Amino acid sequence: MQSITLLGATGSIGESTLDVIARHPDKYSVFALTGHQQLEKLALQCQRFQPQFTVVNDAKSAAQLQIMLAANNTKTEVLYGTEALCQVASAAQVDGVMAAIVGAAGLVPTMAAVKAGKKILLANKESLVMAGGLFMDAVKASGSELLPIDSEHNAIFQCLPANYEQAETNGISKLLLSASGGPFRGWSAEQMAVVTPDQACAHPNWSMGRKISVDSASLMNKGLELIEACWLFAVTPSQIEVVVHPQSVIHSLVQYVDGSVLAQLGNPDMRTPIAYGLAWPDRMDAGVAELDLFDIARLDFERADLVNFPCLQLASDAAAAGGDAPAILNAANEIAVQAFLDGRIGFTQIAEVVDNTLSGLELGEPDSLDAVQESDKKARSHSAAYITGIES
Ligand code: NAD
Ligand code: MG
């Protein structure tokens, strides 16, 4: 029986994780569930899974949740704040932690789980983007098992040899990172300048939270994933090629020097990588329908359009620049995406905000989590000021 803490239980990944866990009550129990704004959903999840703890962000939410839990006779203890998130991520009783908080808010609790040597199911790609070096050092130091949940990275993980350590020593020539191309594939920048948040969030193949949906539409998600892959698999950006594959059936591929290319295929359903991560090195039912190749009939591939989707290039440049460039990129993107979702800037201005922030700040080499958060803060205030300036 494995005891699991789920950071970001109320989100899209959180719900899919609980769906998988509910299929295997003999294997998994829930130690803690955390959430931010959807308190009613969190209360229902606590009622159903009876965790020992639940964590929200502030005292007011904690008091509200407490009343809801008392009303449905749930004994779960309510905590709040970052310290509490770290506690439930690192508690001695916990075996595995699903890191599924969205954005920079996931960094500190995920790192707490890493430092405690837990098995990490990593959905929160932003923590690797922000602090990849520190993160991977901490994984090595604590001996924690790191399982990528992002579907592309999970696919690559599945296609790598079991003894994988360094690309050079395993005959790997390239990682091919799949991208659906998002809802605006084939569109020009002019066409994208006037799209609404709902259009940007209408992903053709995946149902996800709003932030990652906008990132998928701008290809920033692929950029963040490129940085994530560099850290996870110890490769440079030049060893990764983005392959636009609109059907989202091949989730990524590994190319070897002998000419072999291994791919992982499946229906676009996050319960597959989640079940893989939970059960690894075994496999178990994820509730996902069998892939029907005859129904799919064809698979298409094209190059990414870096001209109309500048976010991918910005991310790739930030990866090459190193230091705190990826953390700055990530922070500026979070601020810009929120401003777009709030109707304050246009979709194509997201890249403009990120570009302006990266070129307006001096890059540093953060050597601690505090230093990373300092870069993050600086980038957020620069982006916010820039947005105020361009807002129409
Ligand atoms: P979501 O918006 O649906 O859920 C986010 C979760 O984080 C919620 O439980 C929310 O309560 C919590 N949260 C948000 N802000 C918080 C804060 N400030 N403090 C504490 N908790 C907070 O997002 P999602 O789509 O489930 O994505 C979660 C993470 O997984 C992201 O990093 C995303 O990039 C990654 N991911 C998601 C998918 C997907 O299919 N949804 C695929 C790959 C990777
Ligand atoms: Mg992905």
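Since every read-out is calculated from the coordinates, none of them should be taken as a lab result. All of these numbers come straight from a predicted model, not from anything done at the bench. Backbone-built Cβ (ideal geometry, glycine too); neighbour counts: all protein chains shown.
For the range 205-348, what Kirkwood radius comes out of the mean inverse Cα-Cα distance, in Å? Result for the range 205-348, one decimal place: 17.2 Å. When +1 charges are put on Lys and Arg Cβ atoms and -1 charges on Asp and Glu Cβ atoms, the dipole computed for the chain relative to its Cα centre reaches about 860 debye.
Among 105-114, 342-351, 382-391, the peptide with the highest mean count of other Cβ atoms within 10 Å heads the list, and the full ranking is 105-114, 342-351, 382-391.
The share of Cα pairs per 5 Å bin across the range 299-392, counted from zero up to the longest distance, runs 2, 15, 25, 22, 16, 10, 6, 2, 1, 0 percent. Comparing HIS153, HIS251, HIS24 in a Gaussian network model of the chain where C-alpha atoms under 10 Å apart are linked, the largest mean-square fluctuation is found at HIS24. Dividing the convex hull volume of the alpha carbon atoms of the range 2-148 by its residue count gives 93 Å³ per residue. Using a simple spin-label model with pseudo-atoms 7 Å out from Cα toward Cβ, MET136 and ALA371 lie 1.7 nm apart.
Springs join every pair of Cα atoms under 10 Å in this Gaussian network model of the chain, and among VAL242, VAL307, VAL354 the largest mean-square fluctuation is at VAL307.
Considering helices alone, the calculated mean residue ellipticity of the chain at 222 nm is -14500 deg cm²/dmol, with DSSP H runs of length four and up weighted by -39500 (n - 2.57) and normalised per residue.
By the compact-protein rule of thumb, 2.2 N^0.38 Å, the alpha-carbon radius of gyration of the range 17-73 corresponds to a ratio of 1.13. With springs only between Cα atoms under 10 Å apart, run a GNM on the chain and tell me which of ALA318, ALA200, ALA71 wobbles the most. Highest fluctuation of the listed residues: ALA71.
Entry for the chain at q = 0.11 Å⁻¹: log10 I(q)/I(0) = -0.78, Debye formula applied to identical alpha-carbon scatterers, no solvent contribution.
Taking a span of 30 Å or more along the helix axis (Cα atoms) and a mean Kyte-Doolittle hydropathy of at least -1.0 as the rule, the DSSP H helices of the chain that qualify are 369-390.
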